[in-house]
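The values are calculated or read from the model by the stated rules, or taken from the named source; none is laboratory data. Remember, it's a predicted structure, so these values are computed and weren't measured experimentally. Cβ placement follows ideal geometry from the backbone for every residue including glycine, while neighbour counts extend to all protein chains displayed. What goes into the accessible areas is simple: the full protein's heavy atoms, side chains included, and nothing from ligands, DNA or RNA. Shrake-Rupley method; radii C 1.70, N 1.55, O 1.52, S 1.80 Å.
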Amino acid sequence: MAMQLSKGERFNISKEAPGLKKMAIALGWQVTEAGQSYEIDVSAFMLGADGKTPNDKYLIFYNNLQSCDGSILQSIPEKNNRGQENKSIYGVILEKINPEIEEVTFAVTIHEADKIKANFSNIKNAFIKIRNLDTGSELVRYELKENFSRETAVEFGRLYKKNGEWRFQAVGEGYQTGLQSLVDKYSSGNSNNIAPISRELTAGTAADDLQLPAWELEVESEPEAEQSRQTRRVQPSRSNNQVNNNSRSRKIPAALLAGLGVVVLGTSVGTITLMRSANETLKQAKILAVETQNAGKVTDVNQLRSFERRLKETIANLDKIPNFPGFGYQQARADLLQLRPSLVPVQQNLQAAESLATAQKLAMEAAVVVQKPPHPIEVWQQSQSKWQQAIALLEAIDSRTSVYNLAQNKLSNYLANSAAIGQRVAIAQKAANFSNQGSLKVQKGDVPGAIANFTQALTLNPNIPQAYLGLGIATSQQGNKQQAIYNYDRALQFNPNLAEAYFGRGQAYYELGNKQKAIGDYEQAIRVNPNYGLAYLERGAIRCMLGTKSPAVADFQQAGELFLKQGDGNNYKLAQSFINDCQEPSAESAICDYRRNIDSFGRPCGRSVNVPIIIRRKSAIDASNSDSTNIKINSSIEKISPENSDSSSTRTRSRRRSKR
């Protein structure tokens, strides 16, 4: 596992990787859409004990891709791709670094940043990491977290030597400057022809045994390369160390590629591309062969997914390597024999890790859903179901997988939690049964027995809106309208969308003489259930009584349409009769003396009165609700409605009014 550094932290390479000879140092970043046009330059400054480059041959950048001592080689910086990783890689052979070099600083700059008004705010997710080229393993990485909103140059990190040991420091320092300023900062004033360092090699032998991934490199023909070496260089101190920006070639000479182990066949670009791809595939296979040995211990889902993807891609690419000289066909066959069998356990580990992750997600959901009880039985059952699903996933994890022990540890906790939730479900089920029994007794007229059952249900589980609804209906039948309103309030507290509770409370308010509150509750019942025909009927009756006949007739018409759609013929006829009664012109209210059956105009009660006497027929009400009173003895709460249970609904409205 690679060491993750923060800004300023250090890593002892010689101690942590003894015997390390070759390594790759990658500097990477992502650009935003605004930064796609930036030209990003990556440079390495090889410094002596005085903190200066001995001469300009020890600056490795786009015009000088190799150090003169043959120890460091730079690959081609990739073109900026928005949202994708862009990087440049330096290959380093530690034993070839001139002993008089004490430090190598790696910096990234934006070309002509002042002209294009660019800065590092459009460069995100920057990093520098070191990989052992012999084993393919990553040693250390540093991810730059700083927000460089004004800086145009950043030093990512540095290699330095202390007590004979090579170490790495995460620097992360930004500057409002460019490449030329960094050249001036580190320049010793020596030109190309002045070389105080004794251990310099000729260009022909530089990097002769350093092999970087071939896909990181680009190829150009030898004549261009020769011209490049002659014209693209850092100018000596006598010319003020000016960086030549007129020709910014980023290609590597073909001769150098040959030194890196990339065979060039003639001038065929297609052949070169295929060989580079094959070479990279073989190198990736070598890396994966090492990583496979530790893959069986990986438990992180994302790491396993990445490893499986890379393994599949490499196997597919190995299959494509042709049987031609120079392509490494035989090595590819050998790598396939090694990598293909390792794919199965990797996939098994990935599947097990995904099951563990899903189980953890379900467990979290199961715990969250039952927070802040009490809850209706449906919520407890939902939590129980999630625990059971999580347990099933953990129990199915193979004992040979990397996450088995983690799964077993969680399994014991999940089983205990599921058992506790199961007890709450059992209690909620018992409470639901009491509530259903109370509903049956309300319909049979056993009001005291119903109240006892509802009370038992709410003692076990206070969150049963239907039980409070039943108590409201039962206490209303006993004549205790205030207690009924309290119970309806409690039902609505736990279920604000219980239309029957609004309807029952509206009836109770009407019985107490509060017609406006009654109308308000009928309106709430209609809001929750727009097909509540009886709510329209009741609201229309009160509106007719109050003299607002047009809205009343509209309510009766709407009720009639709903009754007709629902096949409720009796209530449909009732709604039509109310329309006729309410549309008669009114002069003053007729008061009926029921003992003599004569109204205040001396006429028999109910004949041509100016205010309609609306009678709710018991047979019509019972017929309209025959479908809503089916009894279901199961885990669900039995639904009851005040319109078919409240004894007051069987009285005539005229009788209820005459008492006031």
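Data overview
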{"quantity": "Residue in region 327-348 that is in a helix (DSSP H, G or I), of a type in the set (Ser, Thr, Tyr) and free of Cβ contacts under 8 Å to residues at least 40 places away in the same chain present", "calculated": "yes"}
{"quantity": "Conditions (1) in a loop (DSSP other than H, G, I, E, B); (2) open to solvent by less than 30 Å² (accessible area, probe 1.4 Å): number failed by MET1", "calculated": "(2)"}
{"quantity": "Some residue of region 31-48 being within 25 Å of GLU165 (Cβ to Cβ) and either part of a loop (DSSP other than H, G, I, E, B) or open to solvent by 10 Å² or more (accessible area, probe 1.4 Å) (or both)", "calculated": "yes"}
{"quantity": "Qualifying residue in region 537-548 (condition: part of a helix (DSSP H, G or I), in contact with a Phe, Trp or Tyr (Cβ under 8 Å, 6 or more places away or on another chain) and surrounded by fewer than 18 Cβ atoms within 10 Å (Cβ to Cβ))", "calculated": "no"}
{"quantity": "Flag if ALA334 is modelled with pLDDT of 90 or more and open to solvent by less than 30 Å² (accessible area, probe 1.4 Å)", "calculated": "no"}
{"quantity": "Single match in ILE473, ILE427, ILE391, ILE485 (criterion: under 38 Å from the mean Cα position of the chain (by Cα) and open to solvent by less than 20 Å² (accessible area, probe 1.4 Å))", "calculated": "ILE391"}
{"quantity": "Complete set of residues in region 523-536 that are in contact with a helix residue (DSSP H, G or I) (Cβ under 7 Å, 6 or more places away or on another chain) and part of a loop (DSSP other than H, G, I, E, B)", "calculated": "ASN529, ASN531, TYR532"}
{"quantity": "Top-ranked residue of region 340-361 - restricted to ones that are buried (at least 20 other Cβ atoms within 10 Å of the Cβ) and not polar (S, T, N, Q), ranked as farthest from LEU288 (Cα to Cα)", "calculated": "ALA359"}
{"quantity": "Candidate set from region 114-146 (those that are more than 19 Å from ASP41 (Cα to Cα), part of a loop (DSSP other than H, G, I, E, B) and open to solvent by 60 Å² or more (accessible area, probe 1.4 Å)); member that is modelled with the lowest pLDDT", "calculated": "ASP134"}
{"quantity": "Test set (1) closer than 20 Å to ALA17 by Cα; (2) open to solvent by less than 10 Å² (accessible area, probe 1.4 Å); (3) of a type outside the set (Gly, Ala, Ser); (4) modelled with pLDDT of 90 or more - THR109 fails condition number", "calculated": "(1)"}
{"quantity": "Residues located in region 491-522, provided they are assigned to a helix (DSSP H, G or I) and farther than 29 Å from ASN461 by Cα", "calculated": "TYR510, GLU511, LYS515, GLN516, LYS517, ALA518, ILE519, GLY520"}
{"quantity": "Candidates ASN453, ASN463 - the one that is open to solvent by less than 20 Å² (accessible area, probe 1.4 Å) and at pLDDT below 90", "calculated": "ASN463"}
{"quantity": "Lone unmet requirement of (1) touching a strand residue (DSSP E or B) at 6+ places or on another chain (Cβ under 9 Å); (2) within 20 Å of PHE156 (Cβ to Cβ) for SER121", "calculated": "(1)"}
{"quantity": "Members of region 4-30 that are in a strand (DSSP E or B) and basic (Lys, Arg)", "calculated": "ARG10, LYS22"}
{"quantity": "Tabulated pairs, region 287-309, first within 19 Å of ILE397 (Cβ to Cβ) and open to solvent by less than 40 Å² (accessible area, probe 1.4 Å), second part of a helix (DSSP H, G or I) and of a type in the set (Gly, Ala, Ser), C-beta under 6 angstrom, 6+ apart or interchain", "calculated": "VAL301/ALA353; VAL301/ALA357; LEU304/ALA353; PHE307/ALA295"}
{"quantity": "Checking ASN571 against (1) closer than 21 Å to GLY504 by Cα; (2) among the polar types (S, T, N, Q); (3) open to solvent by 20 Å² or more (accessible area, probe 1.4 Å), the condition it does not meet", "calculated": "(3)"}
{"quantity": "Qualifying residue in region 364-381 (condition: open to solvent by 60 Å² or more (accessible area, probe 1.4 Å), farther than 30 Å from THR459 by Cα and modelled with pLDDT of 90 or more)", "calculated": "no"}
{"quantity": "Qualifying residue in region 432-451 (condition: in contact with a Phe, Trp or Tyr (Cβ under 9 Å, 6 or more places away or on another chain) and not in a helix (DSSP H, G or I))", "calculated": "no"}
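This table checks each residue for (1) more than 24 Å from TYR572 (Cα to Cα); (2) among the charged types (D, E, K, R); (3) open to solvent by 50 Å² or more (accessible area, probe 1.4 Å).
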position: ARG490; (1), (2), (3): yes, yes, yes
position: PHE503; (1), (2), (3): no, no, no
position: TYR509; (1), (2), (3): yes, no, no
position: LEU512; (1), (2), (3): yes, no, yes
position: LYS517; (1), (2), (3): yes, yes, yes
position: ALA525; (1), (2), (3): no, no, no
position: ASN529; (1), (2), (3): no, no, yes
position: GLY533; (1), (2), (3): no, no, no
